[in-house]
Amino acid sequence: MVNDIPFGFGLPDPDDAEGSSGTPDNPFGALFGGAGSADIGAALQRFGQLLSTSSGPVHWQLAHDTARQQVAAEGDPSMTAGDRAAVTEAVEIAEVWLDDATSLPSTGATPQAWSRAEWIDQTLPRWKSLILPLAERMAQASTEAMPQQLPEEMRAMAGPLLGMMGQMSGVMFGGQVGQGLGTLAHEVLTSTDVGVPLAPDGTVALLPRNVTEFGAGLSIPDDQVRIYLATRECAHVRLFQHAPWLASRIESAVSDYARGISVDLTGIEQALGGVDPSRPEAIAELMSSGVFEPPATPEQQAALDRLEHLLALVEGWVDAVTSDACEARLPSAAALRETMRRRRASGGPAERTFETLVGLNLRPRRLRDASTLWAAVAEQRSAAERDHIWSHPDLLPDAADLDDPAAFAAGTTTGDWDISTLDDTDPADEPPAP
């Protein structure tokens, strides 16, 4: 996960059908349009309208509209009956195969084929729960730091200014989130492709257009790619359904990280002092240069480590179970497994753009180690005992167990994985220590 302070000014022009001014490469394009004064005047008028409707740390309507405009600009055809039938068939096959590979039961989720715009609409509520802690802390840190930069006699009068700054922050962050989601919508393959379930409950979803583009360079039949991805999707959904505490643990780690965000206004002021005001794009260049990246506190680093570890365990389990389900049935299973491993470990261009814009990295670093551990447990114990470990968060392997998966599988570091003596309270639900 990166530590970038999430800034951005992506203000879409509703009349810009081509979306030429709202690309992530130039987040100021929509604000300044062309060089003419009429363009600047219109942009400022739009900015004023956005401020008047801004409340909270993120202008979510702007985020939604920016993302939708971005995918529409490049063409986003609606799903056909054929698309839906192909996804349904792949999911039905995946569920049957998974029944042989894991003891976790099918959730009976409804298969859906999504366009990119539908992915934005359907996943935005879940993105809110992940992104909001970062945005709230950023807004709070800004209002805490701002008065310290003002002379003593002006601090008492800073209230209205801080209120306006909060509105501006909500608009700017909303545009930034929208740009991030718009770019990510071009790359995601399923609703769980970033490692956490983003679809509404009771749904498994694939994005046929993205799946087709993903498979185009692999020289693998489309139906094999689709079934493999459907198997991964259904495995993710089964796991999060079986371990309802898991999603809250991930969100808790993000919140813990967000609590440590601070703003160095002096450093920002010094950096901005060297920007040529006649070149609006220079500010965008400055933002992408890392100048707004604060050092992580020990508490933040601990939260990042917890998040990466959880994501590695999830991804490793899904990788191992999907391989068990597909390796004897799909000729290209091994090649698809390696492709997905590399993709999840490094991320694609859109995922890296989202990380830069929003400051949230959802990629595991120890995916292969985790997959090896889960495979070892299934081999030395059983698939049922492997899956039983997800019954309680205290049973999960730690970082040291990933270093020695054989010892964990043999039970020398875990005992008998007995949950009867464990506290039923989910530590993720407990208030943070002062």
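Around residue 112, which amide H atoms from residues at least 5 apart in sequence, or from another chain, sit under 5 Å from its own amide H, with H modelled in the peptide plane?
For residue 112, the qualifying residues are 204, 205, 206.
If you roll a 1.4 angstrom probe over the protein chains with everything in place, what fraction of the accessible area of the stretch 342-397 belongs to carbon and sulfur, to the nearest %? Could you put the intermediate results ahead of the total?
Numbers: 1000 of 2170 Å².
In the stretch 342-397, the share of accessible area belonging to carbon and sulfur is 46 percent.
Sorting check: for 196-205, 64-73, which peptide has the highest mean count of neighbouring beta carbons within 10 Å, and how do the rest follow?
Working: 196-205: 19.9, 64-73: 21.8.
For the peptides 196-205, 64-73, the packing ranking is 64-73, 196-205.
Ranked from highest to lowest mean number of other Cβ atoms within 10 Å per residue, what is the order of the peptides 250-256, 225-231? Present the calculation step by step, with values, prior to reporting the outcome.
Working: 250-256: 20.7, 225-231: 26.4.
Listed from highest to lowest mean packing, they are 225-231, 250-256.
Which whole-Hz couplings ³J(HN,Hα) result when phi for each residue of the stretch 311-320 is put into the Karplus expression 6.51 cos²θ - 1.76 cosθ + 1.60, θ = phi - 60°, listed in order with x for Gly and Pro?
5, 5, 5, 4, 5, x, 5, 4, 4, 5
Put +1 on the Cβ of every Lys and Arg and -1 on every Asp and Glu Cβ in the stretch 91-133; which of 112, 124, 93 then has its Cα farthest towards the positive end of the dipole?
The listed residue farthest towards the positive side: 124.
The values are calculated or read from the model by the stated rules, or taken from the named source; none is laboratory data. Remember, predicted model here, so these are calculated numbers, not experimental data. Using ideal geometry, Cβ is built from the backbone for each residue, glycine included, and neighbour counts are taken over all protein chains shown. What goes into the accessible areas is simple: the full protein's heavy atoms, side chains included, and nothing from ligands, DNA or RNA. Shrake-Rupley method; radii C 1.70, N 1.55, O 1.52, S 1.80 Å.
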